[in-house]
Amino acid sequence: MTSTASRTRARSPRAQVCDRLGSTAAVLSISLLLTALLASAPAVANGFGDDLFETKRKMPHTNNECVGLKKHECRTIHSDEIGIGRRKSEQISLTCPRGFPHVVGWDAEHNEHVSLVLASDLPARDVRARANPPRETLSVRAHNRADARGVVVLYVGCSNQPFAGSAFPQSRDAVPGNHIKLFGGLPR
Amino acid sequence: MRSAAVAGLLLLAAAARSEATPCAGFGADCQAQVMTPIGYSGWQTQGWAYYCTGDHPYYLGPEETDGQRSFSFDNSCFTVLENGGAEEGNASKFDALITNWCLNHQQLTVTLACSSQPPP
């Protein structure tokens, strides 16, 4: 401690100015380097250029198609795995079966870069149940937002009673996995 | 130091507000209706329409410019962005874009401020 202090005191004013300039330059260099690393991190880390999406990531089915209903009141039907081409958009529809003709909700498994939006009308709420009701159809629009193929499996909740719930899904999306890559923090 | 402590308390109060009853600040007719819990995977966004039901079928929203919220939610992993435009024409409806910013699966329960009287 003492030796360092005395060494500083021993240096000329000109040398001290040079020291300060050197420190400032070092700090600036490190800042510039960090800025450059942060700016280029996604491109370096994933090879997709400036693409935001982690196109291998799948958003899992979260079992929300029958929310609020007991098991015997709701059946889940699902589509096959449907491919959505690069930057393409497709409508996917499912119709409930005869014994459970009423749509009460939907959910999906899909790639992160595929967004889903409800395309059909909301089911009529509190409609009185009747004999031989028509089978209801639910449609969603799937948008592929990246230059990579994506897939969707649509799940629809079908009930023997008309929809009387207090919540209905409108869309499904994902936070783009490559918006930050510094800590490799991707849910899989 | 003292002003920093006061500011901290105000921030805590603001943060806790999302979990407080949404009926605070509304009249005695307000009923807090707890919606069904919804599951979200990590870093996922879902759009949902919620509805006031029963004998209090009218939603007391959307959020006013003074920050008076007509809804609350119970999980700090989430942001809930109300979409007032999608509520027009339906006095029972609360519409929101909801994101789970945590990395793992989470559940969210939304509570709405509901009224027995239609909006003026």
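Bear in mind these aren't lab numbers, they're just calculated from the coordinates by the rules spelled out. If you're wondering where the values come from, they're calculated on a predicted model, not measured in any experiment. Don't worry about glycine lacking a Cβ; one is built from the backbone with ideal geometry, like all the others, and counts go over all protein chains shown.
Odds and ends about this structure:
- Length gained on full extension, A:S171 to A:D121, computed as 0.36 nm times the residue gap minus the Cα-Cα distance: 16.7 nm.
- Mean projection of the Cα convex hull over all viewing directions, computed for the range B:29-97: 5.3 nm².
- Computed from the Cβ-Cβ distance with R0 of 51 Å, the FRET efficiency linking B:C77 to A:R98 stands at 0.80.
- Net charge of Cβ neighbours under 9 Å - reference B:F94; Lys, Arg +1; Asp, Glu -1: -2
- Space enclosed by the convex hull of the alpha-carbon atoms of the range A:53-188, per residue, Å³: 105 Å³
- Simple label model, 7 Å out from Cα along Cβ direction - B:W101 to A:K70, nm: 4.0 nm
- Order by protection proxy (mean Cβ within 10 Å, highest first), peptides A:78-91, A:157-170: A:157-170, A:78-91
- Under Karplus coefficients 6.51, -1.76 and 1.60, residue-wise ³J(HN,Hα) of the range B:92-107 in Hz, glycine/proline x: 9, 8, 10, 10, 8, 9, 10, 10, 8, 8, 7, 7, 10, 5, 9, 10
- Using the Karplus relation 6.51 cos²θ - 1.76 cosθ + 1.60 with θ = phi - 60°, the per-residue 3J(HN,Hα) values for the range A:117-123 come to 10, 4, 10, 9, 5, 5, x Hz, with x marking Gly and Pro.
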